[in-house]
Structures are given as C-alpha cells and as structure tokens.
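First comes the structure, then the notes that go with it.
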C-alpha cells in the first residue's frame with residue numbers, strides 16, 4: 001500500500017493550511033505523505049495511527065506532530081460519543097516558511113528544536129495536549145493575523161513538553177548525521193514504496209552507493225535497527241491497517257504485504273502484536 005503525495009489546500013489570506021475534519025462513519029486508512037509539517041489533534045475517536053514504521057493506539061485528545069514527507073495515517077474503530085463525529089483538527093505548515101519565520105528569533109529556538117525532532121513524528125503528553133486543545137479548537141474561527149499568532153502560541157506551548165516521544169524509526173536531524181542524510185533518505189523512500197515485495201540488500205546498497213556492510217552501518221546508525229527488522233514493522237503495520245479496515249482474507253493480506261508463507265506471516269504478526277491476525281481483527285469488530 002504505497003503512500004500517495006497529498007497536495008494540501010492553499011488559502012490566499014494565509015501562509016499555512018488547516019482542516020477541521022469531521023467524519024460521521026469513520027476515519028479511513030489513507031496512507032499518504034506531504035512536504036509540510038502536520039500537527040493533528042484527534043477528538044471523539046479511538047483507533048490506530050501509523051507514522052512511518054510506527055503503529056500505535058490513539059484516543060480522544062491525541063496530539064501528534066508529523067515531519068515532512070513522513071508517511072502517515074489514522075484509522076478509527078469507535079467513537080466516544082456516537083451522536084457526534086470523529087474529529088481531526090489539522091494544522092499544516094511548510095518547513096521553508098517556518099525557517100523564515102523563526103530565523104533570528106531567539107524566543108522561537110525551542111520551536112526550532114522541536115521541529116528538528118519531528119522527522120520521526122512526535123507524540124505529546126496528555127497534559128500538553130489538554131493545555132493547547134482549546135486554542136487548536138478556537139484557531140479555525142480566528143481572522144488570519146490572529147490565527148498566525150495563535151499557531152505560534154500552540155507550537156511554543158508544546159515545544160516545552162519534555163514528555164514528547166518520537167514514534168517512527170526515520171533518520172534524526174543531528175549535525176553528525178547530515179552528511180549521510182541524502183543516502184538514507186533515498187534508501188528509506190525506496191523501502192516505503194516497495195516494502196510489499198522482496199528487497200535485496202544489494203538493491204538498497206546500490207541506491208545508497210555503498211557496500212552491503214556500509215549499508216548495514218548507515219541504516220543502523222540512522223534508524224537504530226536493521227533493514228530486516230524495519231521491513232517487518234512496515235509490513236506488519238500495513239497488515240494491521242488492512243485487518244482493521246477491510247474484510248480481506250488473512251491469506252490475501254499476507255501476500256499483499258510481502259509474505260509468501262502464511263505461517264511466517266502469522267509468526268511475525270504474533271511477535272510484533274502479541275496476537276494472531278484473526279484475534280487482532282476481532283478487536284475491531286463490534287461486539
């Protein structure tokens with residue numbers, strides 16, 4: 001399931017974009033990416049989020065910052081209040097624009113530091129999310145200038161959250177890793193687009209312009225894991241999305257995410273999730 005490039009809405013009176021998304025039935029699985037940062041507050045909804053190779057649970061008040069071009073999606077399985085819709089309040093801003101806004105502003109250094117960490121995705125604490133919830137809800141009704149000020153108020157507040165935790169295993173932004181960033185970006189882009197088929201290490205090494213041993217060192221230094229483990233998490237994450245959002249047979253899903261052996265798929269799935277594919281699917285079925 002390849003992530004598609006989402007083209008975000010533009011507004012003549014604003015330098016950044018936002019969306020007040022309300023869905024009565026469900027938040028669907030829509031695996032996508034875009035060059036902008038994305039801050040998403042999810043309300044009245046329970047389900048799973050997929051950020052790069054991360055798979056995790058979300059609930060009402062979930063607040064996540066996704067970095068540029070990091071594939072992501074949310075998929076719901078229930079509401080808290082059935083009389084009201086699933087809500088996703090989304091704020092998007094381009095990194096080039098943000099650099100222009102923060103350049104030379106000492107006061108915004110914490111925001112810059114937070115954005116530098118967001119290439120892996122950041123999940124904020126319940127306390128931080130609760131502190132900015134009213135501002136995020138209110139920002140949609142403000143005139144353009146007030147929206148801009150409120151955006152930086154929100155970013156400044158969550159930048160102070162010391163409990164914010166990274167989600168995916170994508171590269172960091174530390175200075176010592178910059179020289180090899182283009183290599184690992186090429187490798188990860190190829191993996192994200194092709195993880196559902198067999199990928200030879202030699203193929204990735206050619207993309208990185210390295211030997212296979214050099215690829216191993218590069219990949220572990222940037223992601224903290226091996227190529228094979230990264231691929232497993234990507235494939236099982238895709239399988240989780242299909243199991244929760246479709247009625248596709250388990251065997252079909254196993255094949256679609258890159259497993260020729262159903263037994264191997266079941267074994268890897270249990271290792272990653274602690275349950276069988278059928279048990280996992282049953283969690284999403286109404287009682």
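The values are calculated or read from the model by the stated rules, or taken from the named source; none is laboratory data. Being a predicted model, the structure only gives us computed values, none of them experimental. When we count neighbours, we look across all protein chains shown, and the Cβ atoms used for this are built from the backbone with ideal geometry, even at glycine.
Screening region 232-261 for residues that are under 17 Å from residue 30 (Cβ atoms) and free of Cβ contacts under 8 Å to residues at least 24 places away in the same chain and picking the one that is surrounded by the fewest Cβ atoms within 10 Å (Cβ to Cβ) gives 246. Among the residues of region 168-216, how many are over 20 Å from residue 257 (Cβ atoms) and at pLDDT 90 or above? Count: 13. Apart from one condition, residue 224 fits all of (1) in contact with a helix residue (DSSP H, G or I) (Cβ under 8 Å, 6 or more places away or on another chain); (2) touching a residue at least 24 places away in the same chain (Cβ under 8 Å); the exception is (1). Among the residues of region 128-148, the ones that are assigned to a helix (DSSP H, G or I) and surrounded by fewer than 14 Cβ atoms within 10 Å (Cβ to Cβ) come to 8 in all.
Before we move on, is residue 282 out of contact with any helix residue (DSSP H, G or I) (no Cβ under 9 Å at 6 or more places or on another chain), part of a helix (DSSP H, G or I) and surrounded by fewer than 16 Cβ atoms within 10 Å (Cβ to Cβ)? In short, yes.
Restricting attention to region 50-63, the residues that are in contact with a strand residue (DSSP E or B) (Cβ under 8 Å, 6 or more places away or on another chain), assigned to a strand (DSSP E or B) and either under 15 Å from residue 164 (Cα atoms) or in contact (Cβ under 8 Å) with a residue 40 or more places away in the chain (or both) add up to 7. Selection of region 15-43 for residues being buried (at least 21 other Cβ atoms within 10 Å of the Cβ), assigned to a loop (DSSP other than H, G, I, E, B) and at pLDDT 90 or above yields only 36. For region 105-120, the count of residues that are loosely packed, with under 15 Cβ neighbours inside 10 Å, free of Cβ contacts under 8 Å to residues at least 60 places away in the same chain and under 23 Å from residue 60 (Cβ atoms) is zero.
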